[in-house]
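To start, the structure itself, in structure tokens.
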Amino acid sequence: MSIAALFATPVYRVRLPSRGLTAFNAQLARECRQLRRDDPAGRRWSKSNYPGGYTSYGSAHKMHTVSPTFALLQRRVARHVAAFAEALCFDLPEGGLEMTDCWVNIMRRRTSHGLHLHPASTLSGTYYVETPPGAPGLKLEDPRLDRMMAAPRLRQDAPARLRRWITLPVRAGELVLFESWLRHEVPPNPAPADRISISFNFSWF
């Protein structure tokens, strides 16, 4: 007999090179907090759509085009996006994938980010700027979950490849990439300090 593992859901994780990373993250954190202060439209949008936290998703969502620091992050991320696309065997047109959106997320204590995906994008991801002790990870959902009409629950010792949900621990300096159709969420932040991240989308069209 044989059992084949089909229809895998690849997720790409990497820590950026440590040289200069502390200073780079500190500059990103300063700009993220400054943007929150300078963005009343984003604060209003967040009040309705991101209770307790701040995101520039509804206001300043192309940060790579307005900030040299975010543009540098784009360049650092782009090579990993290209490597992930190659591993996924994407047959892309000349030019490959381009960053289309880039926005800030600041999760204060008890802030959560509900289950969602990134429509009309190819690859999405998050770069973690500040992850205080106890900060929540990134929770990923098995994309087949809504089709499991009569599936029993799994044993506690089920391997990761069979689980319905996987929560990836995250830390500052780490980059996580996934295909944009993969639903994900962030549980409530129990830490008293801010959890700061930068999310983005890449597309070929």
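Just so it is clear, none of the values below were taken in a lab; they were calculated from the coordinates. Everything numeric in this text was worked out from a predicted model, so none of it was measured. Reconstructed Cβ throughout: ideal geometry from the backbone, glycine too, with neighbour counts over all protein chains shown.
Between S67, S2, which is hydroxyl-bearing (S, T, Y) and surrounded by 15 or more Cβ atoms within 10 Å (Cβ to Cβ)? Please lay out each step first, then the result.
Numbers: S2 fails: surrounded by 15 or more Cβ atoms within 10 Å (Cβ to Cβ).
The match here is S67.
Please work out if H113 is in contact with a Leu (Cβ under 9 Å, 6 or more places away or on another chain) and under 17 Å from N49 (Cβ atoms). So H113 does not fit the description; no. All conditions but one from (1) among the small types (G, A, S); (2) touching a Gly at 6+ places or on another chain (Cβ under 9 Å); (3) under 21 Å from S18 (Cα atoms) apply to A71; the one that does not is (2). Within segment 23-39, is there a residue that is assigned to a loop (DSSP other than H, G, I, E, B), surrounded by fewer than 17 Cβ atoms within 10 Å (Cβ to Cβ) and hydrophobic (A, V, I, L, M, F, W, C)? No: segment 23-39 contains no residue that is assigned to a loop (DSSP other than H, G, I, E, B), surrounded by fewer than 17 Cβ atoms within 10 Å (Cβ to Cβ) and hydrophobic (A, V, I, L, M, F, W, C). Taking R43 as the residue in question, decide whether it is farther than 17 Å from S112 by Cα and assigned to a helix (DSSP H, G or I). No.
Residues that are hydrophobic (A, V, I, L, M, F, W, C) number at least 2 in the following strands (runs of 3 or more DSSP E) confined to segment 149-205: 165-168, 174-179, 195-203.
Quick check on segment 121-170: of everything there that is of a type in the set (D, E) and surrounded by 14 or more Cβ atoms within 10 Å (Cβ to Cβ), which residue is farthest from R30 (Cα to Cα)? Working first, answer last.
As a first pass, look at segment 121-170 and keep what is of a type in the set (D, E): 130, 141-142, 146, 157.
Retained after the next criterion (residues that are surrounded by 14 or more Cβ atoms within 10 Å (Cβ to Cβ)): 130, 141-142.
Numbers: E130: 11, E141: 32, D142: 35 Å.
If we take residues in segment 121-170 being of a type in the set (D, E) and surrounded by 14 or more Cβ atoms within 10 Å (Cβ to Cβ), then D142 is farthest from R30 (Cα to Cα).
Within segment 77-120, being of a type in the set (S, T, N, Q), assigned to a loop (DSSP other than H, G, I, E, B) and crowded, with 21+ Cβ neighbours inside 10 Å holds for one residue alone: T111. Please tell me if L88 is within 16 Å of the chain's Cα centre (by Cα), among the aliphatic types (A, V, I, L, M) and closer than 23 Å to L138 by Cα. Spelling it out, it is not the case that L88 is within 16 Å of the chain's Cα centre (by Cα), among the aliphatic types (A, V, I, L, M) and closer than 23 Å to L138 by Cα. Screening the candidates L123, L138, L115, L177 for the property of being of a type outside the set (D, E, K, R), within 16 Å of V11 (Cβ to Cβ) and out of contact with any helix residue (DSSP H, G or I) (no Cβ under 9 Å at 6 or more places or on another chain) yields one hit, L138. Scanning segment 91-140 for residues that are within 11 Å of the chain's Cα centre (by Cα) and hydrophobic (A, V, I, L, M, F, W, C) yields C102, W103, V104, L117, L123, L138, L140.
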